[in-house]
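The values are calculated or read from the model by the stated rules, or taken from the named source; none is laboratory data. Remember, it's a predicted structure, so these values are computed and weren't measured experimentally. Cβ placement follows ideal geometry from the backbone for every residue including glycine, while neighbour counts extend to all protein chains displayed.
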Amino acid sequence: MLTLHESRFRKDLVITSTFSVSEGGPLFLIRDMLSGQTFRFGRRKFFLCKNWDGYQSIDEIRQAFRQRFGTTISRQEFDRFLEELAAADLLEPRLETGPKLVVGRPPPQFVWSFPVSTRWLKQVANTLHEFSWLGPMALWLSLPMTLMAITTLLHNKRALGTDLNSLFQLPLSQMLTSHFGTMWTLQLMALGLQALVLTFFGGQVRRMGIRLESGFLPVIDIATERIETLTQRQRLWVYGTPLLLRLIVTAAVVILWFNTRSTSGSLCQWALFMLISGALQLVTYGSPLWYHDGYCFLANYMRKPQILPQAQLLCLMIIRRRSLPMALGNARAFGMGALGAISMIFTLAILVFLVILFSSGVGKLLYGLLGQAGLPLTLIGVSAVFLRYLVKTLVKFSEMS
């Protein structure tokens with residue numbers, strides 16, 4: 001027997017719309033091709049049907065309904081509506097084996113990891129809850145700090161370029177240690193704060209470890225669980241908190257660099273390395289065109305967790321001249337196809353940049369051992385690993401399309 005709260009609105013129904021004078025707005029016609037019946041729903045009932053997708057909770061849909069129409073639907077009214085849909089045979093079982101798309105990211109594939117104590121995280125999260133007012137305060141402070149940092153960089157572009165060039169005069173081992181040290185430190189800070197926020201809201205963090213971004217770049221990541229059980233607002237804080245921390249840290253080190261650059265000491269160098277790490281992570285982790293926190297934040301905010309993979313698949317279908325879903329319409333299909341193309345171009349450009357940057361650093365490190373052959377050999381090796389990862393990804397998407 002179908003349990004209502006474990007169901008979703010059927011995906012095989014044919015939906016058309018027309019204008020109703022009596023309703024004073026659109027009227028949606030739901031055609032069941034199996035039974036031959038046609039159901040007529042107004043915009044409010046159709047809104048509930050469309051959002052009953054197997055991923056959003058009843059409370060989330062009620063909140064979205066209130067924001068959309070300015071009125072409240074009670075839990076009892078929602079349950080009665082689900083019973084009406086079930087009686088009309090318009091519901092189907094929710095696929096528990098499918099991906100939890102509200103998360104937006106696949107689970108990380110660690111090359112090395114260690115378990116995280118859930119009890120310890122809960123204790124720390126409950127203790128730090130007294131300082132939860134720092135979150136909204138940090139959000140408001142990030143705006144003037146970001147403007148101050150951007151203004152500082154624009155007015156001191158020549159000085160910034162000179163100081164960045166001076167970093168390449170450092171011994172290579174010191175330069176690489178400082179770069180990866182600041183990069184991993186910032187990642188640990190952001191992931192630690194994200195783990196505390198997630199645990200406090202009821203999610204779980206099982207493991208933390210190192211994975212290879214695009215098959216070659218070592219980064220720190222965490223394995224999360226039960227994010228899909230959180231409300232929309234809670235998920236926004238989970239994905240937005242690490243981005244907010246990176247933004248504030250990046251803006252703060254810009255100000256620190258400007259006030260310490262006259263000393264040319266280690267603090268100024270550390271600020272520059274942290275600025276590089278923060279800027280790179282804001283571009284990669286904060287971009288909605290890549291499967292990281294920025295995309296997860298936007299997808300949950302828009303309540304469209306499949307928007308990026310659907311856009312990329314649609315772009316590949318256009319390239320392969322496959323027939324497109326008729327329900328999309330020409331304008332929407334073109335828009336999503338363009339989004340998919342922009343996303344893939346952006347991802348490829350960022351990954352090529354990381355390949356060159358990583359190969360250059362490792363090649364210089366191996367200069368004493370391999371001489372001038374160190375850089376090309378490293379570039380060939382890293383490029384081979386990256387191309388293997390890229391081909392596997394394209395084959396997977398091509399099969400799906």
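Name the residues in the stretch 337-350 that are within 27 Å of R321 (Cα to Cα) and out of contact with any Cys (no Cβ under 7 Å at 6 or more places or on another chain), would you?
Step one: filter the stretch 337-350 for residues within 27 Å of R321 (Cα to Cα), giving 337-349.
Residues satisfying the conditions are A338, L339, I342, S343, I345, F346, T347, L348, A349.
Quick check on my filter: what residues within the stretch 250-283 are under 18 Å from Q194 (Cβ atoms) and surrounded by 22 or more Cβ atoms within 10 Å (Cβ to Cβ)?
Those that are under 18 Å from Q194 (Cβ atoms) and surrounded by 22 or more Cβ atoms within 10 Å (Cβ to Cβ): T250, S277, G278, Q281.
Any chance the stretch 230-240 includes a residue that's in contact with a strand residue (DSSP E or B) (Cβ under 6 Å, 6 or more places away or on another chain), among the basic types (K, R) and either in a helix (DSSP H, G or I) or touching a residue at least 40 places away in the same chain (Cβ under 8 Å) (or both)? Quick ask: steps written out before the conclusion?
Of the stretch 230-240, the ones in contact with a strand residue (DSSP E or B) (Cβ under 6 Å, 6 or more places away or on another chain) are none.
Within the stretch 230-240, not a single residue is in contact with a strand residue (DSSP E or B) (Cβ under 6 Å, 6 or more places away or on another chain), among the basic types (K, R) and either in a helix (DSSP H, G or I) or touching a residue at least 40 places away in the same chain (Cβ under 8 Å) (or both).
It is to be established whether one or more residues within the stretch 281-294 are over 23 Å from I350 (Cα atoms) and at pLDDT 90 or above. Steps first, please.
Narrowing the stretch 281-294 to residues over 23 Å from I350 (Cα atoms): none.
Within the stretch 281-294, not a single residue is over 23 Å from I350 (Cα atoms) and at pLDDT 90 or above.
Tally up the residues in the stretch 258-284 that are in contact with a Lys or Arg (Cβ under 7 Å, 6 or more places away or on another chain) and either outside the structural domain of L186 (by TED's automatic domain parsing) or without any contact (Cβ under 8 Å) to a residue 60 or more places away in the chain (or both), please. Explain how you work it out, then say what you get.
Filtering the stretch 258-284 for residues in contact with a Lys or Arg (Cβ under 7 Å, 6 or more places away or on another chain) gives 268, 278, 281-282.
Next, only the ones that are either outside the structural domain of L186 (by TED's automatic domain parsing) or without any contact (Cβ under 8 Å) to a residue 60 or more places away in the chain (or both) stay: 282.
Adding up the residues that qualify gives 1.
Quick check on the stretch 316-330. Is at least one of its residues farther than 30 Å from R31 by Cβ and either at pLDDT 80 or above or not hydroxyl-bearing (S, T, Y) (or both)? Spell out how you get there, then give the answer.
Taking the stretch 316-330 first, the residues farther than 30 Å from R31 by Cβ are 319.
Add one more test, that the residue is either at pLDDT 80 or above or not hydroxyl-bearing (S, T, Y) (or both), and what stays is 319.
For the stretch 316-330, residues farther than 30 Å from R31 by Cβ and either at pLDDT 80 or above or not hydroxyl-bearing (S, T, Y) (or both): present.
Looking only at the stretch 272-292, count every residue that is in contact with a Ser or Thr (Cβ under 9 Å, 6 or more places away or on another chain) and in a helix (DSSP H, G or I) and tell me the total.
10
Could you tell me which of the residues E84, E6, E23, E77 is at pLDDT below 80, out of contact with any Phe, Trp or Tyr (no Cβ under 8 Å at 6 or more places or on another chain) and farther than 26 Å from Q306 by Cα?
Details: E84 fails: at pLDDT below 80; E6 fails: farther than 26 Å from Q306 by Cα; E77 fails: at pLDDT below 80.
Just a single option satisfies the conditions, and that option is E23.
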